[in-house]
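Only one structure is covered here, and it is reproduced in the block below.
The values are calculated or read from the model by the stated rules, or taken from the named source; none is laboratory data. Keep in mind that this is a model prediction, so the values were computed, not measured. Every residue, glycine as well, gets a Cβ built from its backbone with ideal geometry; the counts of neighbours run over all protein chains shown. Please note that ligands, DNA and RNA were not included when accessible areas were found on the heavy atoms of the full protein model with its side chains. Shrake-Rupley method; radii C 1.70, N 1.55, O 1.52, S 1.80 Å.
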Amino acid sequence: MVIKWRNWALPAAPLVLALLAAGCVSTPGAPATDPTAQPSTSVARSVARVCARPAAGPAKAPAGAVTVDPAVTGDLAAKTKSSPPNTTFWLGPGKHRLEPDRFAQVIPKEGNSYLGAPGAVLDGGKTNQYAFGGTARNVTIRYLTVQGFVAPQNEGVVNHDSADGWVIEHATIQNNSGAGLMAGARQQVRGSCLRSNGQYGMNAYKTGDPVSGLVVEGNEIAANNTDDWERQRPGCGCTGGVKFWAVNGADVRGNWVHENHGTGLWADTNNNDFRIEGNVLEANEGAALIYETSYNAVIRNNMIRRNNWVEGRRYADRGDTFPFATVYLSESGGEPQVRARTDKIEIYGNVLENNWSGITLWENADRFCNSPANTSTGDCTLLVRHSDRCADPAIATAPLYTDCRWKTQRVDIHNNRFVLDTSVVDCTVKCDRMAVLANYGSYPDWSPYHGERVAEAITLKQHNRWHDNVYIGPWKFVAHDPSRVLDSAQWQGTPYQQDAGSTFRTRDGG
């Protein structure tokens, strides 16, 4: 859950070219950018239009496959139960149903494959909670539409129990309650349409062990959170296109993430080693990307446009001065002590165009392991496994003083293009911010982080750096706390010395 302002109550080039060559993406209209002024040469400018043009499955049952009859209620679950592991099932054209019991579901065996014929739909009839569950590994689901299931909040319809090694490819998972899809270790989700699900398109979470080796590639993730969970549970931080929780190692590439009711992609609590690249993130009502209380990531070559118009404006209209951003790093940074493919968070080669504000680096002084202000209840940092160690008086000295915090540190933001046309975004104030800041520490009374210690650290001492970017439009900069709103000269000057080598223009060609 995002913690924002007001103490603790706040909130590759080769890759893209390969996707284009493979026909995985198509151009919906060129973005209004000037390639000659863009520092990167490999920004994703096209999208995976999977939902409009889903790939077709086999029209006939493959040799050796078990045919599933849509006219027989419960046929899929029954034949799965009676067949051995490593069986391939071919679902014929038409609407397949499970038994009319809310807990009726398919329980695959290890190595099973499920292939949908053109027009094959597994429909929960707004009665069944789960489509595919159980703990069997290495299950494959291809070319199948899964819809009409009613999973509870925070639970998922496909791979309900987060089993390992599943492959979901060329599937359409839509119009379900809860999350369309859960994730286990080494799961691959490719070329699929995850749309109009009640809470998330996918909830990458597994009880106990972290999810590792996750691949999310070439999918369309759209219009999720139809049940508007933030309205039902204000401040829950439980909505969006995809939620990642405690994922260790993820490649999120070549996806079209758009028009989700809330955040597009949200990595929340002890995620590590992410590569988020070659995606188009657009028109999400909230932030395009939140990386929260997490570690070590590369965010590169993404097209990020027209995000955060709804949520950013909502807070601005309330008079909130916090810089609600389109790319929001909350208590997240690079950490050499946590093994990953990088030891920092590097954000480069992206185009951010006509979003509500840009990038905010935030650290809540009152949020740390064992603090009552930590909304990730019971979770500690990856450097301190047991939260009871982060207590007075030990927390006031090394190494716990440092290790008990999720720190926004070692963030390197470079060679990006930031474009803001306020006539497009339709705003006059508070949509033009780039920020690095913290609040005044005050809670709990035994915290060693009182006062401006964290604000001084995130702003000046934790190696957070902007440089060699291109800015077009009326950008402003916030440093230390929301009251310090700077122009570009102040941002580049002492003591902040940010954006060395960057250029600033009021408009294209100006």
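Brief remarks follow.
- Check on ASP379, in a loop (DSSP other than H, G, I, E, B), under 22 Å from the mean Cα position of the chain (by Cα) and among the acidic types (Asp, Glu): yes
- Hits in the stretch 209-226 - residues which are modelled with pLDDT of 95 or more and assigned to a loop (DSSP other than H, G, I, E, B): GLY218, ASN219, ALA223, ASN224, ASN225, THR226
- Checking ASP343, ASP392 one by one, the residue that is farther than 24 Å from SER447 by Cβ and assigned to a loop (DSSP other than H, G, I, E, B) is ASP343 and no other.
- Residue in the stretch 387-403 that is among the aliphatic types (A, V, I, L, M), open to solvent by less than 10 Å² (accessible area, probe 1.4 Å), more than 30 Å from ARG305 (Cβ to Cβ) and over 25 Å from the mean Cα position of the chain (by Cα) present: yes
- One residue stands out in the stretch 227-245 among those that are part of a loop (DSSP other than H, G, I, E, B) and farther than 20 Å from THR293 by Cβ: the one that is most open to solvent (accessible area, probe 1.4 Å), namely PRO234.
- Residues of the stretch 46-57 that turn out to be touching a strand residue (DSSP E or B) at 6+ places or on another chain (Cβ under 6 Å) and open to solvent by 40 Å² or more (accessible area, probe 1.4 Å), as a count: 2
- Highlighted here are the strands (runs of 3 or more DSSP E) found entirely within the stretch 15-104 that include at least 1 residues which are closer than 19 Å to VAL139 by Cα, modelled with pLDDT of 50 or more and among the polar types (S, T, N, Q): 66-68, 88-91.
- Here the condition is being over 13 Å from the mean Cα position of the chain (by Cα) and assigned to a strand (DSSP E or B); of ASP273, ASP320, it holds for ASP273 alone.
- Among residues of the stretch 421-440 being at pLDDT 95 or above and either of a type in the set (Asp, Glu) or touching an Asp or Glu at 6+ places or on another chain (Cβ under 6 Å) (or both), the one that is farthest from ASN308 (Cα to Cα) is ALA438.
- Pairs with Cβ under 6 Å, 6+ apart, first in the stretch 393-406 and of a type in the set (Lys, Arg), second at pLDDT 95 or above: ARG405/PHE368
- Qualifying positions in the stretch 168-194 - in a strand (DSSP E or B) and either surrounded by 24 or more Cβ atoms within 10 Å (Cβ to Cβ) or hydrophobic (A, V, I, L, M, F, W, C) (or both): ILE168, ILE173, ALA179, GLY180, LEU181, MET182, VAL189, CYS193, LEU194
- Enumeration of residues in the stretch 315-349 that are surrounded by fewer than 24 Cβ atoms within 10 Å (Cβ to Cβ) and among the small types (Gly, Ala, Ser): ALA316, GLY319, GLY334, ALA340
- Residue list for the stretch 303-314, restricted to those being of a type outside the set (Lys, Arg) and either open to solvent by less than 10 Å² (accessible area, probe 1.4 Å) or in a loop (DSSP other than H, G, I, E, B) (or both): MET303, ILE304, ASN307, ASN308, GLY312
- Output for the stretch 476-498, where each listed residue is buried (at least 17 other Cβ atoms within 10 Å of the Cβ), of a type in the set (S, T, N, Q) and not in a loop (DSSP other than H, G, I, E, B): SER488, GLN492
- Among the residues of the stretch 116-139, the ones that are open to solvent by 20 Å² or more (accessible area, probe 1.4 Å) and more than 20 Å from ASN176 (Cα to Cα) come to 4 in all.
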